[in-house]
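First the structure, in the form of structure tokens, and then the observations on it.
The values are calculated or read from the model by the stated rules, or taken from the named source; none is laboratory data. All figures in this text were calculated on a predicted structure; none of them were measured in a lab. All Cβ positions, glycine included, derive from the backbone under ideal geometry; neighbour counts span all protein chains shown. We work out accessible area using only protein heavy atoms, side chains counted, and drop any ligands, DNA or RNA first. Shrake-Rupley method; radii C 1.70, N 1.55, O 1.52, S 1.80 Å.
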Amino acid sequence: MDYIALGLAIGMANALLAVGIVLTYMSTRVINLAHGELGAFCVAVMLALTRNAGWNYWAALAASLAATGLLAAIIEQGIIRRLEKSPRLIVLIATLGIAQLVIVGRLVVPKPKAGDGAAFITGGGVYPVPFDNPVVEFGRVVLRPQHFIALTVGPLVALAVVVLLRRSIYGIALRASAQNSARALLAGIPVRRVSTIAWIAAGVLSGIASMLLAPVVGYSSSEAVGMPLLMRGLAGATIAGFENLGVAFGAGLAIGVADQLIFLSTGRAGITDVIVFGVVLVVLYSRRGQYRRTGANEESSWDTGDVTRPLPLAILQHDRWQLATRVGFAGLVVAAVVLPLVLTESALFFTATVFLVAVVAVSLTMLTGWAGQLSIGHWGIAGVGGVFGAHLVTINHLPFPVAFAAAGVIGGLSALVIGLPALRLEGTALAVVTLGFGVAASTWLFSQPWFRSAEGLQRPSYLDNRTYYVVAFIVLALAIVVARRLQNSRIGRNMTAVRENPRQAESFGVNVVRTKLTGFVISGAFAGFAGFLWALGVGAANGEVFTPVRSLTLVTAVVIGGLGSIAGAVVGAFYMLGIPYFGSNISTYIGLLSTGIGVLVLVMFLPGGFARLGYLVRDRLAKSLTGLDPNPDVVPPSLDDLAEKVK
């Protein structure tokens, strides 16, 4: 019972976070990836007001919650509302950009230092609490005022939210908007105002949850503090189906208790992530009909722009166009050859690693852009290939080529296992499953003795930086060529058909199950190959380098590059990783282009990504070179023409 009491205190924060995620999902039909960062921002403001400005606890509490609610309202009205008609994947990426902006805002808030100068505020005497008593020894744990506050305030806040949703006019309006926003608007419900209120309430809940949790487990001022807050709340919201606040609260509470019991009995925290992943998977399977209905009501998760037609055959066969394509291809090859001669050793190595991340981005394009399977945990699959290949090299002492091949195989097999839920899940539900796998792999799988790599992973002696660059470039070039061939093959056409309309594709003889699993396997194999080479380059293969945050960066790169575009995936990877590295050396403002500000500008004003811009340039260039219209009107054949063909 003593450990359960401690787990309940921590679980209260998880429960309130889950309730907040459900609220924002009900209003916008998208997972708010900035939810945890809003809570961390509230804690940072609270610390600045109490420790730096010397404010009274209660005044600082009110001001911190008000600031968080105001920030949530600004986000909803300034960004989310402008994207209300955009595909849900665009809004999802926007919340990731918002999270990065909130991180910047939180980091610039003045923060106190602990006694040794470290930017970490522990619970108890350092983090502000309003009371000094009671302090009770309960079995093997000591319950302090912060524990009693969490155990008391958490249920009261949750009860207040439930009452407001069931009894108030705005609560009824929110539930009506969640069911059918268009019908609610016709009924006179102010859908936009209700959405703003939901975001404010969710932001305040995230702030309360974080301030209940910080005195118990401590608070770090690092950039990654918001992600752990998000993951526990997201698990509870998923179990609740993103619609039942009571179930979300209970699930978050249960996760907190299980986390403490498992950690205190085993001394390892990663097991909880595996158990939570399994529970979420079972719940989603048992409610698959509900999630299919939810997915049907949402806008497409992958359609981020207008359909772009290929150039007409007359242009493709035109002498000037063929000459231009040859010159462009030769220019790319020359640039790739010249780069090693002008870049420094560190810049050359970095470029090689970006090449390999671009390979993973191309594999994600196959899966999400072509097959329509939304994966936001894809870096975890690359990690499976990277860690397993490193295990073969450092533990089993297998040659590099054998480990490289095995990394691709294990990457494809792991993707196959993850793809099995895709046969019954889609949209948000599948995205949560893939992210859950990425988290469980990072915290548990990659640290297991039978799977992990030994310390001191090193490249073979013949793989110096220049050779490593050449290998990475060749792998990227092969990935692009193979992906292009697949896109134009029967496999690629089947993936697109299944994405657009699975039932219609099946009526034409397409095996939907095989097509979905094929997409996962091919994508996973690409990611496994690249993950092993990337780990070999950075000299590490563990959960610290294959983090879930990088998976979100990959999704962002694919979307801003142009979902479904191979070239767009490569450009997106260089935009997200290359600009901070090379651009910051020129100007700080250039480095900001790939941060939250740059991402938000792109998704709001260029929703089709760089690919749409590239297609516009391509069409104008083709017209100027050939004089032919790259988008001619499609004239259906007349009955006389058809009759003539029959004869």
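Brief remarks on what is shown
- Residue count for the range 568-597 satisfying the condition of being modelled with pLDDT of 85 or more, out of contact with any Gly (no Cβ under 6 Å at 6 or more places or on another chain) and open to solvent by less than 60 Å² (accessible area, probe 1.4 Å): 7.
- Scan the range 417-438 for residues that are closer than 18 Å to V274 by Cα and open to solvent by 40 Å² or more (accessible area, probe 1.4 Å) and the total you get is 2.
- Residue match in the range 126-147 (condition: open to solvent by 60 Å² or more (accessible area, probe 1.4 Å), closer than 22 Å to S206 by Cα and at pLDDT 85 or above): no
- Pairs meeting the criteria (first residue in the range 600-624 and over 15 Å from S565 (Cα atoms), second residue polar (S, T, N, Q) and not in a helix (DSSP H, G or I), beta carbons under 7 Å, at least 6 apart or on different chains) are D619/N631.
Quick grid of which residues meet (1) buried (at least 17 other Cβ atoms within 10 Å of the Cβ); (2) touching a Pro at 6+ places or on another chain (Cβ under 8 Å); (3) modelled with pLDDT of 80 or more:
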| residue | (1), (2), (3) |
| --- | --- |
| A182 | no, no, no |
| A202 | yes, no, yes |
| G241 | yes, no, yes |
| G246 | no, no, yes |
| G256 | yes, no, yes |
| S286 | no, no, no |
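- Residue list for the range 168-193, restricted to those being within 18 Å of V22 (Cβ to Cβ) and either of a type in the set (K, R) or not in a helix (DSSP H, G or I) (or both): S168, R175, N180
- Of all residues making up the range 531-546, the number that are at pLDDT 90 or above, under 27 Å from I31 (Cα atoms) and surrounded by fewer than 22 Cβ atoms within 10 Å (Cβ to Cβ): 1
- Candidates G54, G78, G97, G69, filtered to the one that is out of contact with any strand residue (DSSP E or B) (no Cβ under 8 Å at 6 or more places or on another chain), within 19 Å of W199 (Cβ to Cβ) and surrounded by fewer than 15 Cβ atoms within 10 Å (Cβ to Cβ): G78
- Of the residues making up the range 316-373, those that are polar (S, T, N, Q) and either open to solvent by less than 40 Å² (accessible area, probe 1.4 Å) or in contact with a Leu (Cβ under 7 Å, 6 or more places away or on another chain) (or both) number 6.
- Selection from the range 388-398 of residues that are in contact with a Ser or Thr (Cβ under 6 Å, 6 or more places away or on another chain) and either surrounded by fewer than 24 Cβ atoms within 10 Å (Cβ to Cβ) or under 10 Å from G531 (Cβ atoms) (or both): A390, T394
- Scanning the range 556-567 for residues that are open to solvent by 10 Å² or more (accessible area, probe 1.4 Å) and among the hydrophobic types (A, V, I, L, M, F, W, C) yields L563, A567.
- Taking the listed residues L33, L8, the one that is under 19 Å from A431 (Cα atoms) and either open to solvent by 10 Å² or more (accessible area, probe 1.4 Å) or outside any helix (DSSP H, G or I) (or both) is L33, with no other qualifying.
- Members of the range 492-510 that are open to solvent by less than 70 Å² (accessible area, probe 1.4 Å) and either of a type in the set (A, V, I, L, M, F, W, C) or not in a helix (DSSP H, G or I) (or both): M495, A497, V498, N501, A505, G509, V510
- Residue in the range 516-527 that is hydroxyl-bearing (S, T, Y), over 24 Å from A403 (Cβ atoms) and either open to solvent by less than 60 Å² (accessible area, probe 1.4 Å) or free of Cβ contacts under 8 Å to residues at least 12 places away in the same chain (or both) present: yes
- Among the residues of the range 426-453, those identified as in contact (Cβ under 8 Å) with a residue 60 or more places away in the chain, more than 21 Å from I271 (Cα to Cα) and touching a helix residue (DSSP H, G or I) at 6+ places or on another chain (Cβ under 6 Å) are E426, G427, A429.
- Qualifying positions in the range 135-178 - under 23 Å from T28 (Cα atoms) and either among the polar types (S, T, N, Q) or touching a strand residue (DSSP E or B) at 6+ places or on another chain (Cβ under 9 Å) (or both): S168, S177
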